[in-house]
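Got a structure for you, questions after.
The values are calculated or read from the model by the stated rules, or taken from the named source; none is laboratory data. The shown structure was predicted, so the numbers you read here are calculated from the model rather than taken from an experiment. Here the Cβ positions follow ideal geometry from the backbone for every residue, glycine too, while neighbour counts run over all protein chains shown. Ligands, DNA and RNA are stripped out before the accessible areas are found, and what is left, the full protein with its side chains, is counted by its heavy atoms. Shrake-Rupley method; radii C 1.70, N 1.55, O 1.52, S 1.80 Å.
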Amino acid sequence: MNTGMLYAALAFSIWGLFPLYFHAVGSVGALEVLAHRMLWSLLFLGIVLTWRRQWKWLRLALGQRRVVGSFVASALLLSANWFTYIWAVNHGHVIDASLGYFLTPLINVVLGYALLHERLRRGQWLAISVAACGVAWLAWQAGQLPWIAMLLAITFGAYGLLRKTAALGALEGLSFETLILFPPAFAYLAWLTLTGSSSFIAADADSTRWLLVAAGPITAIPLLLFAAGARKIPLSVLGLLQYIAPTIQLLLGIWVFDETFSAERMTGFIIIWSALALYAAEGLWQRSRTV
């Protein structure tokens, strides 16, 4: 395995293990965990940027309204995705969360078609149609749309679309987003402290406080690994490796958190996995034709 594949696989594996972390801080409300994630991520990223002497981009970014506007939008989408994911894990919906990230690649294709006017090939249309059947089956057997999965897939897909055309790289982009999100996060944590509602202050064990502080490196390290790996391997390989994260999440939901995974629910997942297999196979076939 080359270093690019190793870095990317490590990044996706860490993301797949995220439910264990958020379950460990399950006594803290999702919004407070989100605020701590923003606060400590900014601190950690600031240390990394200072160590790398990589601050020149900030003045240039702040001087461009379009760049600031696009990152305000991506920051809001990222915070919505994070909040939904944290809430899902802490309310026993790890399997639903994993479904969202299985669906994300296909949502990306749909958004590219709808917003960037990208042309879809027949194989891609077929994969999307099969996935839609899987979602419809899950909605029918559950009596409602899998809204957690759909919300995660749509917010992360839209976030990815904005970052695809962003003017900043992965490290700088995440730093700018957390800088944008820092003021409301800090204000919320300050309000919790002043009203005596802060879980960080009231925590019975120091372990909870350290876990909240660890949100910074836990957020940033897999992103840095991903950025390093993405530059070294083909996009087709990266696309296949991304399924590591939701697969781990699904297994954790079944084996660690004992969530219900009935035969009817498994049928819906199998239909969606079939769609993903079609999508991946079609992409690999198209690339082999152009080599």
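Residues of region 204-291: accessible area per residue at 1.4 Å, in Å²? Let's see the in-between values first.
On the way: 4770 Å² over 88 residues.
Heavy-atom SASA per residue in region 204-291 reads 54 Å².
Could you do me a favour and compute the accessible area per residue for region 81-194, 1.4 Å probe, result in Å²?
Numbers: 5400 Å² over 114 residues.
I get 47 Å² per residue for this part.
Report the residue, chosen from Gly253, Gly143, Gly112, that carries the largest GNM mean-square fluctuation when the chain is represented by alpha-carbon nodes joined by springs under 10 Å.
The residue with the greatest mean-square fluctuation here is Gly143.
Take Val72, Val25 and sort them by solvent-accessible surface of the protein heavy atoms, 1.4 Å probe, largest at the top.
Largest to smallest exposure gives the sequence Val72, Val25.
When all alpha-carbon pairs of region 149-232 are counted, what percent fall beyond 21 Å?
Looking at region 149-232, the distances longer than 21 Å represent 49 percent of pairs.
Same structure again: Which one of Phe182, Ala166, Phe22 is farthest out on the positive end of the charge dipole of the chain, using unit charges on Cβ (Lys, Arg +1; Asp, Glu -1) and the Cα centre as origin?
Ala166
Starting from the coordinates of the alpha-carbon atoms of the chain, obtain the Kirkwood hydrodynamic radius over all distinct pairs and give the value in Å to one decimal. Provide the component values of the computation, followed by the final result.
Details: mean 1/r = 0.0496 Å⁻¹.
With all distinct Cα pairs of the chain included, I get 20.2 Å.
Is there a quick way to get the dipole size of the chain? I mean about its Cα centre, with the Cβ of Lys and Arg at +1 and of Asp and Glu at -1; what is the value in debye to the nearest 20?
1380 debye
Okay, moving on. Can you list which of the trypsin sites (Lys or Arg not before Pro) found in region 45-95 are DSSP loop residues with at most 15 other C-beta atoms within 10 Å?
Here the trypsin sites (Lys or Arg not before Pro) that fit, given the DSSP loop and packing criteria, are Arg52, Arg53.
Between Thr260 and Ser288, what is the FRET efficiency for a Förster distance of 51 Å, r being their Cβ-Cβ separation, to the nearest 0.05?
So the FRET efficiency works out to roughly 0.80.
Let me ask another. Please give the length that would be gained between Ser27 and Trp147 if that part of the chain were fully extended, namely 0.36 nm times their separation in residues minus their C-alpha to C-alpha distance (nm, one decimal).
Values: separation 120, 0.36 × 120 = 43.20 nm, distance 2.38 nm.
Separation in residues times 0.36 nm, less the Cα-Cα distance, equals 40.8 nm.
With springs only between Cα atoms under 10 Å, which of Ala170, Ala35, Ala263 fluctuates most in a Gaussian network model of the chain?
Ala263
If you don't mind, another one. What does the accessible area per residue of region 1-46 come to in Å², with a 1.4 Å probe and no ligands, DNA or RNA counted?
39 Å²
Right, something else. Using Cα-only point scatterers and the Debye equation, what is log10 of I(q)/I(0) for region 45-159 at each q in 0.11, 0.14, 0.19 Å⁻¹, rounded to two decimals?
At q = 0.11, 0.14, 0.19 Å⁻¹ the computed log10 ratios are -0.52, -0.75, -1.04.
Continuing with this model, one more query. In region 66-120, carbon and sulfur make up what percent of the accessible area (probe 1.4 Å)? Please list the in-between numbers first.
Details: 1460 of 2260 Å².
The computed percentage sits at 64.
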